[in-house]
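The values are calculated or read from the model by the stated rules, or taken from the named source; none is laboratory data. Bear in mind that the values here come from a model prediction, so they are computed numbers and not experimental data. Because the Cβ atoms are built from the backbone with ideal geometry, glycine has one as well, and the counts that use them run over all protein chains shown.
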Amino acid sequence: MAITVLLADDQPLIRTGFRMILEEQEDIVVVGEASDGDEATRLADALRPDVVLMDVRMPVTDGIEATRRIIEQHPGAKVLVLTTFDIDEYVFSALRYGASGFLLKDARPAELADAIRAVASGDAVVAPSATRRLLDAVAGQLPAAPPQGADGATPDLPALARLTDREREVLGLVAAGLSNAEIAAALYVSEATVKSHVGRVLSKLGLRDRVQAVVFAYQVGLVRPTDP
C-alpha cells in the first residue's frame, strides 16, 4: 500500500520539485499541497496523509504551529519537518510538538524518499550528529544527571524501572541516534527483535515515537549531551 504524503511549503517551485521526486517512487503518492500552515492543517484533517512534509517557515501560520495543531488533532499523525538550516529553534520546537524528525531541504532525492518511508513506519529521522547538536542546544533546559550508585549505574527511576535491562539498553542506543539496523548489529539480534523492543519501550513509557524517546533518555539522565 502506497504511503500518502501532504506537501506544505510556501514556495510553489519547491513543492513542484518535491512532487516530481516523490512521484518517481512506486510506494509514495502525493495527495495534496499546502502553501501555509493554515492550509496544511485543513488538508491534514481532510486527507489524513501518512506523512506531512512540513516547511517550518511559512507565512500566515508557520510550520511549527501547524505541526502543533495537526498532532493535537490527530495524535498518530507523522510530520517530517523541512528546514534550510541544520539545528535551530524552529526544528527543536517542531520536535517538541511531536514532529517525527527533520530533513534539510538540500537532501538528496533518495534521502527524502527514505526519510518519508522511515517516518511512515514509525521511525524517527534524526541523525546521530544532529541528535547530539539538538541536545547540546537545549542542555541547559535538561535536569542535572541523577546521582549514580557506587557501581556508576543510573538509579532505577520510576519510569525506567518499567523497562527490562535489554529495553533500557535499546533505549540508550536509540538515544545515541542508532537505527534499528545498527542496534540489531550492535546487539547481535534481528531488526524485528529490535523493533519489538522499541515498541515496548514506547508503550511502557507512554511515548509517541523515537524522537520523544531520545528526549526522555536525556531528561532522566540515562545519557547526557556531554557523553563521548
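Quick look at the numbers
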{"item": "Scope segment 38-65; condition surrounded by 19 or more Cβ atoms within 10 Å (Cβ to Cβ) and either modelled with pLDDT of 95 or more or under 18 Å from Ile3 (Cα atoms) (or both); matching residues", "result": "Glu39, Ala40, Thr41, Leu43, Ala44, Pro49, Asp50, Val51, Val52, Leu53, Met54"}
{"item": "Members of segment 2-18 that are farther than 12 Å from Leu82 by Cβ and over 22 Å from the mean Cα position of the chain (by Cα)", "result": "Pro12, Leu13, Thr16"}
{"item": "Candidates Thr61, Thr4, Thr16, Thr41 - the one that is polar (S, T, N, Q), under 20 Å from Ala120 (Cβ atoms) and not in a strand (DSSP E or B)", "result": "Thr41"}
{"item": "Hits in segment 203-224 - residues which are over 12 Å from Arg168 (Cα atoms) and among the basic types (Lys, Arg)", "result": "Arg208, Arg210, Arg224"}
{"item": "Verdict on Val31 being surrounded by fewer than 19 Cβ atoms within 10 Å (Cβ to Cβ) and not in a helix (DSSP H, G or I)", "result": "yes"}
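A quick yes/no check of all residues on (1) surrounded by 16 or more Cβ atoms within 10 Å (Cβ to Cβ); (2) in contact with a Cys (Cβ under 8 Å, 6 or more places away or on another chain); (3) in a loop (DSSP other than H, G, I, E, B); (4) modelled with pLDDT of 85 or more:
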| site | (1), (2), (3), (4) |
| --- | --- |
| Leu134 | yes, no, no, no |
| Thr154 | yes, no, yes, no |
| Glu167 | yes, no, no, yes |
| Leu171 | yes, no, no, yes |
| Ile183 | yes, no, no, yes |
| Val189 | no, no, yes, yes |
| Val198 | yes, no, no, yes |
| Gly221 | yes, no, yes, no |
